[in-house]
Amino acid sequence: MKDKTIAILENRSGEQLADLVRKYGGTPFPAPALAEIPDIDPVLIAQMVKDWQSDQPDFFIFQTGVGVKALFVTTDSLGISEQFLQILASSVVAVRGAKPTAALRSRNVRIDLPASEPYTTTEVLASLDAYSLAGKLVVVQRYGDTNWELQKALEARGARVMEIATYRWSLPANTQPMVDMMDALDDNVIDMVCFTSASQVYNLFTVAEQLGRKETLQAGLNRSLVASIGPVCTKALDMFAIKVDVEPSPPKLGPFISAINSKFA
């Protein structure tokens, strides 16, 4: 990617991604399209843990590392982490991806059902295929927004689904960098745009629609190259008729950057 300008919509790992772009000789163009807003209610968490001691959940599904960490920070502050760990030890624990796995293992939580790559909802559900969920209480650690595909599939299998909210996704307070990126796309000075979550896609097009720039954004993205971190993100881009040129396997940051660099080789 030497001498190429790479637009980065990532927020939390944006600087790490920008450093990798620079390492390969590219120029990062930061345009954060997503903000993570804490959305965890200590009173609700305390009540949930109390209720679970009499109504033991059958399954837990953890979807993100940041959500797991936020949950344990809360249980630590409430002095109920030991009770929560005992509940987890008596439940079947399913995990989507390496980050929640690492966060749980740091607390010595036994992981029964690790989803396989590429760690989408499909793989999470496949890990549960051997179990009957009829009448079972399944607790899902939410990420950003409710995973409706997962929730509906679990309910279709007869499960009682309960969510734990830890954070939610929102538009950044400052959307000007996204507007600047649209301007740069119009001027054909962006060589590739990198999407690392489906929510970045939705937020970018929300801003574009507010400005009456949806069609020009679509045209600009399809003139440039587009990199997607994985299948869920690619599906969101497909919804807006955006052609994806790079999708790594597995959907991780290292392979993502390598695939992008290879595209320019």
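The values are calculated or read from the model by the stated rules, or taken from the named source; none is laboratory data. On a predicted model such as this, the values are computed, not experimentally measured, just so you know. A quick note on method: Cβ atoms are made from the backbone with ideal geometry, for glycine too, and the neighbour counts reach across all protein chains shown.
Out of curiosity, is VAL138 in a strand (DSSP E or B), more than 19 Å from the chain's Cα centre (by Cα) and buried (at least 20 other Cβ atoms within 10 Å of the Cβ)? Yes, satisfied. For segment 69-91, the set of residues classified as surrounded by 18 or more Cβ atoms within 10 Å (Cβ to Cβ) and small (Gly, Ala, Ser) consists of ALA70, SER91, listed by residue number. Of all residue pairs spaced 6 or more apart or on separate chains, those with beta-carbon atoms under 8 Å, a first member in segment 45-57 that is within 17 Å of LEU71 (Cβ to Cβ) and a second member that is among the polar types (S, T, N, Q) and modelled with pLDDT of 95 or more are ILE45/THR74; ILE45/THR75; VAL49/THR75; VAL49/GLN83; GLN53/GLN83; PRO57/SER91.
Kindly evaluate SER228 against the criterion of being closer than 16 Å to ALA31 by Cα and touching a residue at least 60 places away in the same chain (Cβ under 8 Å).
no
Of a type in the set (Val, Ile, Thr) and surrounded by fewer than 14 Cβ atoms within 10 Å (Cβ to Cβ): which single residue out of VAL124, VAL43, VAL95 fits that description? After ruling out the rest, the residue left standing is VAL43.
Residues in segment 82-118 that are in a helix (DSSP H, G or I) and touching a residue at least 60 places away in the same chain (Cβ under 8 Å): 1 in all.
Number of residues in segment 4-24 that are touching a helix residue (DSSP H, G or I) at 6+ places or on another chain (Cβ under 9 Å) and not in a strand (DSSP E or B) equals 12. Screening segment 176-265 for helices (runs of 4 or more DSSP H) wholly inside it with 3 or more residues that are in contact with a Leu (Cβ under 9 Å, 6 or more places away or on another chain), small (Gly, Ala, Ser) and surrounded by 15 or more Cβ atoms within 10 Å (Cβ to Cβ) returns the ranges 198-210. Among the conditions (1) crowded, with 20+ Cβ neighbours inside 10 Å; (2) at pLDDT 95 or above; (3) of a type outside the set (D, E, K, R); (4) touching a Gly at 6+ places or on another chain (Cβ under 8 Å), TYR143 misses just one, which is (2). The set of residues in segment 181-196 being in contact (Cβ under 8 Å) with a residue 40 or more places away in the chain and either of a type in the set (S, T, N, Q) or under 22 Å from ARG12 (Cβ atoms) (or both) consists of MET181, ILE190, MET192, VAL193, CYS194, PHE195, THR196. Here THR27 passes the criteria (1) over 28 Å from LEU85 (Cα atoms); (2) of a type outside the set (Phe, Trp, Tyr); (3) buried (at least 19 other Cβ atoms within 10 Å of the Cβ) except the one numbered (3). Inside segment 58-81, residues that are of a type in the set (Val, Ile, Thr), touching a Phe, Trp or Tyr at 6+ places or on another chain (Cβ under 9 Å) and not in a loop (DSSP other than H, G, I, E, B) make up a count of 3. Of the candidates MET48, MET1, the single residue that is surrounded by 14 or more Cβ atoms within 10 Å (Cβ to Cβ) and in a loop (DSSP other than H, G, I, E, B) is MET1.
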